[in-house]
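Novice: Dumping the structure here so I can ask a few things about it.
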Amino acid sequence: MTMDSSGFADCPHASPVVAHGAPRRLRVLGWALALAVLCAGLLAGAPEAFATGTIEGTVIEAASPNKALAGVEVYAYSVELSEHSYLTTTNSEGGYKIAVPAGEYRVKFAEPYRSSENFAPQYYENATGISGAKVVDVSEGKTTGLINAQLKEGGVIEGEVHGESGGPAPNDAEVEVYKSGAGGEEPYSGAAAVGA
C-alpha cells in the first residue's frame with residue numbers, strides 16, 4: 001500500500017471520506033444530532049432560567065371608604081434587566097397576582113390608558129417615581145405578598161389644542177403629561193385624546 005500526494009492510501013478498494021460528498025441522509029442525521037445536543041444543553045439549564053415566583057397584593061382607593069379598585073394595571077419592572085417588565089390587572093376585588101422569574105422588581109400601579117378614573121400612578125411603597133420605589137424580592141417557587149397600594153385621586157389639567165392655522169386639532173391628536181423632574185421618561189398620569 002502506498003500513499004498518494006493527498007495523503008490518502010492508494011488502495012483500489014478504499015477512498016477518502018469527504019464531508020461534502022457524504023450522502024444526503026448522513027448530512028441530515030449529522031444536523032439532527034447537533035440540534036439534539038444543543039437542545040439538551042439548553043434544557044439542562046431550563047429549571048433555573050425559568051424558575052418563577054409570584055407577587056401579589058391589593059389596590060384600593062386611599063380616601064374613605066377605601067373601595068377596591070378594579071382594572072388597575074400592575075407592572076413589575078426587573079431591577080437586573082431594566083428592559084423586562086411584566087403586567088397584570090387587578091380583579092373586581094382589587095387583588096392581583098403576577099408570575100415573574102425569581103429576582104428583584106419595582107412595582108408600579110396605574111390606571112389604564114384613557115381610563116375614566118382619575119387616580120395618580122404610584123410605585124411600591126408610596127413612591128411617585130421609579131427611583132424611589134421599594135425593591136420587591138421574589139424567590140423561586142415563593143409568593144411575595146402584601147405588595148399593596150392605596151391610590152390617591154389625581155389633579156386635572158385642561159386646555160385646548162388647535163391646528164397650526166388656529167383651526168381644530170386633528171381627531172387623532174393626543175396630550176401627554178409628564179411630571180416635572182422625572183426626566184421625561186414616562187407619562188405621569190397617562191395621556192388623553194383631544195376632545196376626550
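The values are calculated or read from the model by the stated rules, or taken from the named source; none is laboratory data. Predicted model, so just to flag it, every value in this text is computed and none were measured. With ideal geometry, Cβ positions are generated from the backbone for all residues, glycine too; neighbour counts draw on all protein chains shown. Heads up: the accessible areas ignore ligands, DNA and RNA and are worked out on the full protein's heavy atoms, side chains in. Shrake-Rupley method; radii C 1.70, N 1.55, O 1.52, S 1.80 Å.
Novice: Counting just the residues of the stretch 137-177 that are in contact with a Ser or Thr (Cβ under 6 Å, 6 or more places away or on another chain) and over 26 Å from Ser116 (Cβ atoms), which one comes out least open to solvent (accessible area, probe 1.4 Å)?
Specialist: Filtering the stretch 137-177 for residues that are in contact with a Ser or Thr (Cβ under 6 Å, 6 or more places away or on another chain) and over 26 Å from Ser116 (Cβ atoms), the one least open to solvent (accessible area, probe 1.4 Å) comes out as Val138.
Novice: Can I ask one more? Tell me, yes or no, whether the stretch 105-115 has at least one residue that is surrounded by 12 or more Cβ atoms within 10 Å (Cβ to Cβ), outside any strand (DSSP E or B), more than 15 Å from the chain's Cα centre (by Cα) and modelled with pLDDT of 95 or more.
Specialist: Within the stretch 105-115, not a single residue is surrounded by 12 or more Cβ atoms within 10 Å (Cβ to Cβ), outside any strand (DSSP E or B), more than 15 Å from the chain's Cα centre (by Cα) and modelled with pLDDT of 95 or more.
Novice: Continuing with the same structure: Is it the case that the stretch 123-132 has a residue that's aliphatic (A, V, I, L, M), under 14 Å from Glu104 (Cα atoms), touching a residue at least 40 places away in the same chain (Cβ under 8 Å) and in a loop (DSSP other than H, G, I, E, B)?
Specialist: no
Novice: May I pose another question? Taking the stretch 116-131 as the search range and keeping residues that are within 27 Å of Thr52 (Cα to Cα) and open to solvent by 50 Å² or more (accessible area, probe 1.4 Å), which one is farthest from the chain's Cα centre (by Cα)?
Specialist: Asn126
Novice: When the residues of the stretch 135-147 are narrowed to those that are of a type in the set (A, V, I, L, M, F, W, C) and in a loop (DSSP other than H, G, I, E, B), which ends up nearest to Val72 (Cα to Cα)?
Specialist: Ile147
Novice: Could you check, for the stretch 73-80, whether at least one of its residues is in contact with a Gly (Cβ under 9 Å, 6 or more places away or on another chain) and open to solvent by less than 40 Å² (accessible area, probe 1.4 Å)?
Specialist: yes
Novice: Also, quick follow-up: Taking the stretch 156-194 as the search range and keeping residues that are closer than 15 Å to Pro121 by Cβ and not in a loop (DSSP other than H, G, I, E, B), which one is modelled with the lowest pLDDT?
Specialist: Ala191
Novice: Given the conditions (1) more than 20 Å from the chain's Cα centre (by Cα); (2) in a loop (DSSP other than H, G, I, E, B), report the number of the one that Gln150 does not fulfil.
Specialist: For Gln150, the failing item is (2).
Novice: Step by step: first the residues of the stretch 82-100, then only those that are of a type outside the set (Ser, Thr, Tyr) and open to solvent by less than 60 Å² (accessible area, probe 1.4 Å), then the one that is nearest to Leu69 (Cα to Cα). Which residue is that?
Specialist: My answer is Gly94.
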